[in-house]
Every structure is written in structure tokens, then in C-alpha cells.
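> One structure coming up, written as C-alpha cells, with questions to follow.
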Amino acid sequence: MKKKEIRVRCWVEIGGAKHFGPGPAELLELIEETGSISKAAKAMGMSYKKAWDIIERMNSRGQSPYVIRCKGGTEGGGTVLTPRGKKVLEAFNKLNTKIKAVVEKETTILKWV
């Protein structure tokens, strides 16, 4: 018998368009970890341009920016999450944890499919 499982994917929409979901969340996590858009994009297997486009979309459509770049200096600057970006990421991760817990308990449907 083949393995059966329930899968749920969650994202936030603004004005009917996807705004924040698993991909942007992973990007923010990697930016926080590495301090670099370039390193975060590389870790995700995406171009710097695509990563920057995602960041620009989040920054312009959210209530305030999620990510800011720090210019130059001896270490070449970097990228950091704003307090808003950290709160959005934290709230999204908490929501996904709750959803996963519900899905893990609700397996009745698997008996019928």
C-alpha cells in the first residue's frame, strides 16, 4: 500500500496576491542567519535578482520594510531583518506549527481515501 499523508501549504495574501509564504519565510531565515541576500539566495538555489525582487515586494507591500541593507564599511555591509520582519517571520512560523499539529491529529480522512 502506498503511503498516505495530508499536506497543507499556508501563505498570506494581500489584495488577492501572494505576499508571504514558505519561500519568503525561508529567505528571511537565511538572511538572518547569513547577514547576506547573496548567501541566502545561493543557499536556496535562486538568483540574487529573484531574492531581491521578493524582498522588494515584501518591503513595499507590508506595513513597513522587513529587510534593510547596511552599506559598506570594512566588512562590506550586510543585510538585516527589521523588527517587523522578525515579527512576521515569528508569527508565520508559529502559525505553521499550529497548522501542522492540527493536521497530524486529523487523520480520519486517510482511512477513506
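> Please find, among Lys49, Lys71, Lys4, Lys18, the residue that is under 30 Å from Leu110 (Cβ atoms), among the charged types (D, E, K, R) and without any contact (Cβ under 8 Å) to a residue 40 or more places away in the chain.
Details: Lys49 fails: under 30 Å from Leu110 (Cβ atoms); Lys71 fails: under 30 Å from Leu110 (Cβ atoms); Lys4 fails: without any contact (Cβ under 8 Å) to a residue 40 or more places away in the chain.
Of Lys49, Lys71, Lys4, Lys18, the one residue that is under 30 Å from Leu110 (Cβ atoms), among the charged types (D, E, K, R) and without any contact (Cβ under 8 Å) to a residue 40 or more places away in the chain is Lys18.
> Among the residues of segment 28-84, what is the count of those that are out of contact with any Ser or Thr (no Cβ under 9 Å at 6 or more places or on another chain) and aromatic (Phe, Trp, Tyr)?
The total comes to 1.
> Right, Arg61: within 16 Å of the chain's Cα centre (by Cα), open to solvent by 60 Å² or more (accessible area, probe 1.4 Å) and charged (D, E, K, R) or not?
On the way: within 16 Å of the chain's Cα centre (by Cα): yes; open to solvent by 60 Å² or more (accessible area, probe 1.4 Å): yes; charged (D, E, K, R): yes.
Considered against the rule, which asks whether it is within 16 Å of the chain's Cα centre (by Cα), open to solvent by 60 Å² or more (accessible area, probe 1.4 Å) and charged (D, E, K, R), Arg61 comes out as yes.
> Show me the helices (runs of 4 or more DSSP H) entirely contained within segment 3-113 in which 1 or more residues are at pLDDT 95 or above.
Filter on segment 3-113 gives 22-34, 37-44, 48-61, 83-105.
The values are calculated or read from the model by the stated rules, or taken from the named source; none is laboratory data. What you see is a predicted model; the values in this text were computed from it and never measured. So basically every Cβ, Gly included, is an ideal-geometry build from the backbone, and we count neighbours across all protein chains shown. Heads up: the accessible areas ignore ligands, DNA and RNA and are worked out on the full protein's heavy atoms, side chains in. Shrake-Rupley method; radii C 1.70, N 1.55, O 1.52, S 1.80 Å.
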